[in-house]
Amino acid sequence: MVILVLMSLTLCLTLVDIVLKSYVEGFMAKGEERTICKGKVKLRKVYNKGMFLNLFDEKPGLVKILSAFVTILITIYQLITLLRRGNCLKKAGLSLMTAGAWSNTFDRWFRGYVIDYVGIQTKWKKASEITYNLGDFFIMAGSIFMMLSSLFPSKKK
């Protein structure tokens, strides 16, 4: 039952991010910026042909292949982990990471770039200029869950 729930969660989170990216693609101009949450969060439409912080943006074909390869590896690891007993934190982390990976890989293969749309206002100008998407937050949260799962291993029955 847990396997079905976590696989459904992965699929739903992937679809939520794809839908949000499609909304931004259709209803915001490239470079447009809107503020919400009293100016703390900025919605903006940014295209990223590379990886994190536009790494390898001059090689979108390579990024596309690497993204697909890593996404498939994470998915296989998630499925293997879901079949084992215990370690719910690790399973949840992998589900989040897989959702983010599939969402960004979908963009790379079907749009040719990843749509980023969330910026966070900080006191550091450079950090405030970085734009993310929900899939990026899933990957980050999943990574934190994975680290915590290694610090607090589950007890096997």
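The values are calculated or read from the model by the stated rules, or taken from the named source; none is laboratory data. Keep in mind that what you see is a predicted model, and the values were worked out from it rather than measured. Every residue, glycine among them, receives a Cβ derived from its backbone with ideal geometry; neighbour counts consider all protein chains shown. Surface accessibility is based on the protein's heavy atoms, side chains included, excluding ligands, DNA and RNA. Shrake-Rupley method; radii C 1.70, N 1.55, O 1.52, S 1.80 Å.
Nonpolar atom fraction for the range 88-132, defined as the carbon and sulfur part of the 1.4 Å probe accessible area, stands at 69 percent. Summed over the residues of the range 60-154 and divided among them, the accessible surface reaches 54 Å² per residue at a probe radius of 1.4 Å.
Against the chain, whose longest principal axis is taken from its Cα atoms, helix 2-27 shows a tilt of about 0°. Sorting 56-69, 96-109, 39-52 by average packing, meaning the other beta carbons within 10 Å per residue, from highest down gives 96-109, 39-52, 56-69. In terms of its alpha-carbon gyration tensor, the range 60-154 comes out oblate; a/c meets the 1.5 threshold, while b/c is at least as large as a/b. What the Cα atoms of the range 1-87 give is an Rg and a Dmax of 17.2, 47 Å.
Taking only Cα atoms, what is the 0 to 90° angle, nearest 10, from helix 88-110's long axis to the longest principal axis of the chain? Roughly 40 degrees, rounded to the nearest 10. Once backbone amide H atoms are built at 1.01 Å from N, Thr131 has no partners under 5 Å, excluding neighbours fewer than 5 places away on the same chain.
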